[in-house]
Amino acid sequence: MDRRRFLGSSIAAAGSAALGRSALAAGEGIQPQGQVPVAIAAAEIESARFPDGFLWGMATASYQVEGAWNEDGKGESIWDRYSHGVGHVKGGDTGNVACDHYHLYKQDIALLKRLNQKSYRFSISWARIQPAGTGAPNQKGLDHYKRVMDAVLEAGIRPFCTLYHWDLPQGLEDRGGWPNRDLAGYFADYAGILARELGDRITVWAPFNMPWAFTYYGYGIGIHPPNRAKFSDFLKALHTVSLAQGESFRAIKAASSKATVGSAYSMAPGYPKTDSEADVAATARYHAMNNTFFLHAALKGEYPKAFVGQPPYEQMGLKAGDDEIMRAPLDWVGFHYYTRRIVSDAGGTKGGGLQYGTEIEADTGDTNGRDPYTRFHAVMPTEGPLTHAGLEVWPKGIYDLVIQISKEYEHPSIELTECGCCYMDTPYEREGGRVPDDRRTAFFKGILAELARAIADGARVRAFHAWSLMDNFEWTDGYSQRYGLTYVDYRDQMRTVKDSGLWYGRVAGSNRLVG
Ligand code: FCB
């Protein structure tokens with residue numbers, strides 16, 4: 001057995017240990033030698049069907065696309081401050097202009113319509129609404145989003161609003177940022193303003209994009225703004241955000257009777273490295289920390305078993321009665337899928353603890369020895385092909401993840417809030433200026449075939465949002481990564497729908513993974 005086959009079979013064994021027998025009951029087995037083990041059979045792609053009314057969508061986020069960073073009374077956000085500093089973002093890029101979506105939203109929404117999209121997931125910039133994060137709303141900011149929503153509704157598209165996609169008003173960071181418990185209340189005020197002002201237009205709300213990621217990157221290891229690296233701050237931020245999730249849930253519901261509230265978590269299914277008890281237990285802790293921490297807090301009013309022993313309640317700042325504040329019976333569950341992790345126990349090794357040994361997640365050398373609580377090591381394997389961002393393409397992971405969440409949380413209604421891949425294809429003159437990004441189309445074919453399989457096996461998935469409508473500011477990688485289904489020429493803001501976008505538009509029009 002060569003190395004590829006050996007790893008393939010150990011991953012399959014590990015996967016069934018983590019996810020339970022029936023999750024893998026469809027029995028894909030190991031692919032014959034010489035084939036990429038992740039390839040999904042053409043017959044599975046051809047026969048995949050999605051239900052009537054399935055919500056095909058695309059996603060963006062305010063800081064990544066809007067630009068207009070200081071227009072119409074907008075305050076400074078932590079991403080403005082960070083990207084304006086030297087040495088933080090690749091190439092010195094900033095989101096000052098980005099895709100200029102703030103001004104070009106009408107043409108971008110027309111594009112969504114042209115591609116048969118049914119749902120547009122976007123985020124609101126808190127600093128446009130409350131420039132310093134608290135106090136009276138900025139009317140110009142509200143009016144802007146009202147106009148955008150009117151255009152979305154006019155196009156027959158469902159608006160899906162994320163309240164917070166990482167661009168905290170700098171004024172709130174100046175008050176201590178997310179480790180400061182007061183932010184839960186400020187966030188609820190902001191949520192109430194949005195639901196009151198926009199609740200006639202928006203009915204689908206997700207408080208936070210990837211809450212684990214922005215707390216860990218921003219406060220645990222300092223690779224995103226506000227660039228702080230203190231594990232105890234990360235623990236406090238986790239708790240504030242989960243209080244904020246509960247508080248905002250109630251604020252939205254109180255202000256808008258039509259509102260439904262869910263989530264936009266980041267999730268990557270974990271597979272134990274070996275079938276040892278220690279690795280299986282570490283995988284369960286990883287799943288609880290990386291995937292379900294905030295979901296569990298909301299649905300159960302307690303934290304899942306992400307830690308060895310009791311959660312470090314004192315360091316997190318937990319107070320009596322917080323379980324009731326955290327609790328929020330979400331109407332639906334939203335999460336992203338990009339790739340998977342192989343997890344092992346880090347208990348005995350020096351520096352054991354929360355570690356993400358991947359190229360993209362974080363260089364976690366930093367956390368060595370500073371997290372005595374979770375003691376797992378999660379790495380992204382490289383058995384499948386890698387995208388230009390270095391992420392492994394692993395379509396079967398979406399099936400496993402959707403089935404696992406369905407089982408663990410009583411078959412909720414699920415929305416895939418993001419899924420996508422970075423490839424650098426550009427317009428090609430010899431092909432009439434088209435963008436022949438076949439690898440992206442192949443990525444979505446595999447993923448969507450596996451999603452259709454999960455739906456056929458009973459998962460209640462109602463929406464899928466591709467990341468992203470267009471190339472945009474990819475955080476610390478600036479404009480050096482392209483995730484869009486539409487190509488953006490940043491010199492003149494010309495949009496060119498890539499071949500993958502045209503294909504996805506046909507999928508959205510037919511509920512099949514056509515041509
Ligand atoms: C997700 C983020 C999104 C984008 C994609 C590539 O983790 O939510 O903003 O950066 O990754």
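Structural remarks
- For Arg158, distant residues with modelled amide H under 5 Å away: Ser119, Tyr120
- Note that segment 211-216 has calculated 3J(HN,Hα) couplings of x, 4, 5, 6, 6, 6 Hz, one per residue in order, obtained from phi through the Karplus relation 6.51 cos²θ - 1.76 cosθ + 1.60 (θ = phi - 60°); glycine and proline are x.
- Vicinal HN-Hα couplings computed from phi for segment 188-204 (Karplus, 6.51 cos²θ - 1.76 cosθ + 1.60; Hz; Gly/Pro x): 5, 4, 4, 4, x, 4, 4, 5, 5, 7, 10, x, 6, 9, 10, 10, 10
- 1.4 Å probe accessible area per residue over segment 82-196, in Å²: 35
- Solvent exposure ordering (accessible area, 1.4 Å, most first) of Glu314, Glu66: Glu314, Glu66
- Backbone HN-Hα couplings from phi across segment 112-117 [Karplus 6.51/-1.76/1.60, Hz, Gly and Pro as x]: 4, 5, 4, 8, 6, 6
- Principal axis box of segment 64-145, alpha-carbon based, largest edge first, Å: 40, 36, 17
- Cross-link pairs exceeding 18 Å in C-alpha to C-alpha distance, out of Lys74/Lys140; Lys445/Lys498; Lys113/Lys498; Lys273/Lys445; Lys253/Lys305, comprise Lys273/Lys445; Lys253/Lys305.
- Over segment 226-283: Rg over Rh, Cα atoms, Kirkwood Rh: 1.17
- In the chain, the portion of solvent-accessible area held by carbon and sulfur atoms comes to 51 percent [1.4 Å probe, whole percent, DNA, RNA and ligands not counted].
- Across the protein chains, with a 1.4 Å probe defining accessible surface, the residues Met326, Met494 rank Met494, Met326 from largest area downward.
- Amide hydrogen neighbours beyond the local backbone of Asp437, cut-off 5 Å, H modeled: Asp499, Ser500
- A cut-off of 5 Å between modelled amide H atoms, ignoring neighbours fewer than 5 places along the same chain, links Tyr265 with Met210, Gly334, Phe335, His336.
- Relative frequency of Cα-Cα separations exceeding 34 Å in the chain, percent: 32
- For Lys273, the accessible surface of its heavy atoms amounts to roughly 130 Å² (probe 1.4 Å, protein chains only, rounded to the nearest 10).
- Area of His377 that stays accessible when all protein chains are in place (1.4 Å probe, Å², to 10): 60
- Excluding ligands, DNA and RNA, the accessible surface per residue across segment 457-497 is 32 Å² with a 1.4 Å probe.
The values are calculated or read from the model by the stated rules, or taken from the named source; none is laboratory data. Computed from a predicted structure; not experimentally measured. Please note that ligands, DNA and RNA were not included when accessible areas were found on the heavy atoms of the full protein model with its side chains. Shrake-Rupley method; radii C 1.70, N 1.55, O 1.52, S 1.80 Å.
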